[in-house]
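The values are calculated or read from the model by the stated rules, or taken from the named source; none is laboratory data. What you are looking at is a predicted structure, and each value in this text was computed from that prediction instead of being measured. In this analysis, Cβ positions are derived from the backbone assuming ideal geometry, glycine residues included, and neighbour counts consider all displayed protein chains. Accessible surface areas use protein heavy atoms only, side chains included; no ligands, DNA or RNA. Shrake-Rupley method; radii C 1.70, N 1.55, O 1.52, S 1.80 Å.
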Amino acid sequence: MNVNGIKAIYGYEMARMRRTLVQSIVSPVLSTSLYFIVFGAAIGSRISEIDGIAYGAFIVPGLMMLAILTESLSNASFGIYFPRFTGTIFEVLSAPVSWVEVLLGYVGAAATKSIIIGVIILLTANLFVDIRIAHPLVMLLFLVMTSVSFSLFGFILGVWADGWEKLTIVPILVITPLTFLGGTFYSISMLPPVWQTLSLFNPVVYLISGFRWSFYENADVSVGISIAITSGFLLACLLVVRWIFKTGYRLRS
Amino acid sequence: MPDILTIRDLHKTYPGGFEALKGVDLDIDRGEIFALLGPNGAGKTTLISIVCGIANATSGSIRVDDFDIVDDFRETRSRIGLVPQELPVDAFETVWDTATFSRGLFGRDSSPQHIEKVLKSLSLWDKKDSRIIDLSGGMKRRVLIAKALAHEPELLFLDEPTAGVDVELRQDMWDVVRELRENGVTIVLTTHYIEEAEQMADRVGVINNGEIIVVEDKTRLMQELGRKQLFIQLQQPLDALPEPLSDLPVELLHDGHELCYTYDTRSESTGITALLRTLQESGIHFNDLHTSQSSLEDIFVDLVRRTE
């Protein structure tokens, strides 16, 4: 295993985060805090509890997921798309690193950033409301699995995109609606039955539900199914990435 | 010891159907400077890209230091350094960071001493903390060379290293190349500047339309394929070639002020004595004469034309 190679890519990506500190960390924290103030404090004060949980506290897991999904996707896709765009990718392609090592570097760094952002949001939220975490290990499992799988998804997006437009269109057209409709701000059980059923086709519902369960033991779907679906998504992304490197799709002509 | 690079029956067909390489065989000797010449689109960069792992071969085999480039890619790639033709650089990184990154990426333990040595040899030391975006084009080229040398490769590919580079950098670069060769590094370079190949290379290969036309020791290539020409400055201009000269490979140049006689250095008799005698008998007087040897460029153009 080329450990120095992994360290080089990982270190490079983390340095990129430090260079763009405002964009990487401050802006997601700021926007989440705004959501929190608007939905949690302003509107939430008029909404009573959901399933015995204060509304402000109820939305915290969903807000964390929203930030983690968006940031994983944009960091990982940008991390691999930018070298493709500038041509510096030639160096990684010609280096003695296997696809697993390339992933550990790029996806590892993107997932690390997401986890850092998630934790910062949690700490920020803790200033506004009382948060308890019933199952810290499960919470950590969801945090890591979501960060890794959506970073992988971002990596795929960054390899697939052949222009800046495609790079931004997937997060805007797919991820944002899925997250907003995935139960960030409400419980699925509050919806009419038809919409409840439709929601079950939204994978983000399982992420947020499972994540929220780890906080408040309150879930729309069973936590086992949540873990299974998240693992399935992670595995699917891994298989696609392996295929990308095997065939050289858009990386090696 | 095995050859540093062995290429056998290498084919590359792009998805669109374009056949970039049509069965290339090539052996590179350890420690030599090999110049790969060829017109644009001949397949030079494709060939290098496949050896380095940037592009996939359609078929054929490539071994670097007797390791297969696919099965033993770690062994082969850690031995290879590549300076690409384009200038893809990371705008916001510093020179020091980007060279250190390259060394790590290629699996080497960090060595500030080596990076310092490389940067100094390329006159980049005082720029080590500059961001690459702030450097000139020539400096960026130096940075790319530094990156390629950061992991101490045994086989260095320089793809058009002097395209758009000023005289000073070119000289510096050749100094570095010579020093690398003295330290046992094998160098494969592609270039449009044939005079460079003529000055630097031990052996020359010519590629055209995806096929290697010739691989030859540079001196021998120039001897074998080179023609010599004798130029004779006439006292009185001639309107046409006189009868006794018309059967010889003689041309009249500069409005009849100069005669040019082309001959083959390898043949037993060059025919120069006979030519001069004929001139004297025909009453043609001359002031001066000089000879010139065809350059590698002439040979190259000739070869490429012959295969088209």
**Message:** Of the candidates B:Glu152, B:Glu281, B:Glu198, which one comes out as most mobile in a Gaussian network treatment of chain B with C-alpha springs shorter than 10 Å?
**Reply:** B:Glu281
**Request:** For the range B:5-223, just the Cα atoms, rotate onto the principal axes and tell me the three extents in Å, largest first.
**Result:** 46, 40, 34
**Complete:** For the range A:155-166, in residue order, the Karplus 3J(HN,Hα) values (coefficients 6.51, -1.76, 1.60; θ = phi - 60°; whole Hz; Gly and Pro = x) are 4, 4, 4, x, 7, 6, 4, 10, x, 5, 5, 4
**Item:** In the range B:15-84, the chymotrypsin sites (Phe, Trp or Tyr not before Pro) that fall in loop regions by DSSP, at most 16 other Cβ within 10 Å
**Value:** B:Phe18
**Fill in**
For the protein assembly as shown, the dipole about the Cα centre with charges only on Cβ (Lys and Arg +1, Asp and Glu -1), to the nearest 20 debye, works out at 2940
**Asked** Going by a 1.4 Å probe on protein heavy atoms, which residues of the range A:88-109 end up with at least 30 Å² less accessible surface in the whole assembly than in their chain alone?
**Response** A:Thr88, A:Phe90, A:Glu91, A:Leu93, A:Ser94, A:Ala95, A:Pro96
**Prompt:** Across the range A:148-153, in residue order, what do the Karplus-derived ³J(HN,Hα) couplings come to in whole Hz, using 6.51 cos²θ - 1.76 cosθ + 1.60 with θ = phi - 60° and x for Gly and Pro?
**Reply:** 5, 5, 6, 5, 4, 4
**Message:** Counting only Cα atoms, I'd like the Rg/Rh figure for the range A:131-206, Kirkwood definition for Rh.
**Reply:** 1.05
**Item:** Per residue accessible area of the range A:3-247, 1.4 Å probe, in Å²
**Value:** 43
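If you take every residue apart from A:Val107 with its C-beta less than 15 Å away from the C-beta of A:Val107, what net charge results, scoring Lys and Arg +1 and Asp and Glu -1?
Local net charge: +1.
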**Item:** Amide proton proximity set for B:Leu21, modelled H, under 5 Å, gap of 5+
**Value:** B:Lys12
**Complete:** Using alpha carbon positions and the Kirkwood radius, the Rg to Rh ratio of chain A is 0.99
**Prompt:** Can you give the accessible area of A:Lys7 in Å² (nearest 10), computed on protein heavy atoms with a 1.4 Å probe?
**Reply:** 130
**Request:** Could you tell me what percent of the DSSP beta bridges with both partners in the protein assembly as shown are antiparallel, to the nearest 5?
**Result:** 70
**Asked** Any residues in the range B:38-72 that have 30 Å² or more less accessible area with all protein chains than in their chain alone, probe 1.4 Å, and which are they?
**Response** B:Ile54, B:Asn56
**Prompt:** How much of the accessible area of chain A, probe 1.4 Å, is carbon plus sulfur, in whole percent?
**Reply:** 72
**Asked** How big is the A-B contact in terms of buried accessible area, both chains counted, 1.4 Å probe, rounded to the nearest 100 Å²?
**Response** 2400
**Asked** What does the average come to when, for each residue of peptide A:4-13, you count the partner chain Cβ atoms lying within 10 Å of its Cβ?
**Response** 5
**Item:** Largest to smallest principal axis extent of the C-alpha atoms in the range B:210-308, angstrom
**Value:** 51, 28, 22
**Asked** With every protein chain present, what is the per residue accessible area of chain B (1.4 Å probe, Å²)?
**Response** 48
**Request:** Under 11 Å from the Cβ of B:Leu149, count the other residues' Cβ atoms, weight Lys and Arg +1, Asp and Glu -1, and hand me the total.
**Result:** +2
**Message:** Are there any residues in the range A:210-253 with a reduction of at least 40 Å² in accessible surface when going from the isolated chain to the assembly of protein chains? Probe 1.4 Å, please list them by number.
**Reply:** A:Arg252, A:Ser253
**Request:** Springs between alpha-carbon atoms under 10 Å, Gaussian network over chain A: tell me which of A:Leu127, A:Leu181, A:Leu93 tops the mean-square fluctuations.
**Result:** A:Leu127
**Highest-fluctuation residue, B:Gln223, B:Gln85, B:Gln199 considered, GNM on chain B with Cα pairs under 10 Å** = B:Gln199
**Message:** Just to check I understand the Karplus step: with θ = phi - 60° and J = 6.51 cos²θ - 1.76 cosθ + 1.60, what whole-Hz values come out for the range A:226-237, glycine and proline as x?
**Reply:** 4, 5, 4, 5, 4, 4, x, 5, 4, 5, 4, 4
**Item:** Spatial separation of Cα centroids for the range B:75-130 and the range B:225-248, in angstrom
**Value:** 56
